[in-house]
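What follows is a set of notes on a single structure, which appears directly below.
The values are calculated or read from the model by the stated rules, or taken from the named source; none is laboratory data. None of the values given here were measured: they were computed from a predicted structure. We place every Cβ from the backbone using ideal geometry, glycine too, and count neighbours over all the protein chains shown. Just the protein is used for accessible areas: all its heavy atoms, side chains included, with ligands, DNA and RNA removed. Shrake-Rupley method; radii C 1.70, N 1.55, O 1.52, S 1.80 Å.
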Amino acid sequence: MLNSLPDFLLLLFNDILLPYINVFVMTKMCKLRALTMLMFVFSFCSVLADDADDNIYLRMIDDAESAIKKQNFEKAEQLLTDAISFQPDNPNNALLMSNLGMVRFYMNNDSSAIITLNQAHKMAPSSVTILLNRARVLSATGDIKSAVEDYNRVTELDSTVVMPYLFRGLLYLSNGDLQGAYAQFVNITKYSP
C-alpha cells in the first residue's frame, strides 16, 4: 500500500522508470540523461510532499539535477551529499548514492566513485541500476573481472538488460572467442530488437 512519499517513489522507480533508465547506460551523456530523468521524478514529487523536511530533501535533489544538466559536478556532488545527510534513513538514498558515484566518476575521481557505488550496492544489493553503474566504473578502471561479476549478476536479476551481453561479447571478441562473442551478441538482438 502507498502510505508515504518514499513508498510512492520506490514503486514509481522500480515498476515504471527502472526499465527506461537501464536503456540509457551506453554512454556518459546517456547516463546524464538517465540521472536527469531520475532527478526530474524526484523534483516532480516535491509537489506531493506535505512535510517540510521532504520538501527540503527534494529541493536539494532538484538543485542537483540542475547542476548535473549544467555539468557542474562539484555542485551536484555537494547537493547529493547534503540530501543524503539531511535524511540518512530515506530509502531513496541508495539511488542517490548511485548517482553520487556516477557524478564522482564524471569528475574523474574513480576511487571515490567505486567506494560510493559499493556503499550504494550494500544499501540495495539487487538494484540493476547500481550494478550497471558500478560495472561501468570498474571496467573503465580496468577491473574487468569485477565488472563481469556485476554484469553477470545483472543478467541473473533481469536477463532482458542488454548491456551485460554487449560488454561480455566485446570481451570474448577481444580474447578471440568468436563463438562466445556471437552467443552474447545474439542475446542483444533477442532482448533489444
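Quick rundown of the values:
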{"quantity": "Unmet criterion (only one of (1) more than 30 Å from residue 175 (Cβ to Cβ); (2) open to solvent by 60 Å² or more (accessible area, probe 1.4 Å); (3) free of Cβ contacts under 8 Å to residues at least 12 places away in the same chain) for residue 86", "calculated": "(3)"}
{"quantity": "Of the criteria (1) under 14 Å from the mean Cα position of the chain (by Cα); (2) modelled with pLDDT of 95 or more, which one residue 163 fails", "calculated": "(2)"}
{"quantity": "Selection from segment 154-192 of residues that are farther than 20 Å from residue 139 by Cα and among the basic types (Lys, Arg)", "calculated": "190"}
{"quantity": "Enumerated helices (runs of 4 or more DSSP H) restricted to segment 92-169, each holding at least 2 residues that are among the β-branched types (Val, Ile, Thr) and surrounded by fewer than 18 Cβ atoms within 10 Å (Cβ to Cβ)", "calculated": "144-157"}
{"quantity": "First in segment 149-169 and under 8 Å from residue 188 (Cα atoms), second anywhere and open to solvent by 50 Å² or more (accessible area, probe 1.4 Å) and in a helix (DSSP H, G or I), Cβ under 8 Å, 6 or more apart", "calculated": "162/191; 165/185; 165/191; 166/185"}
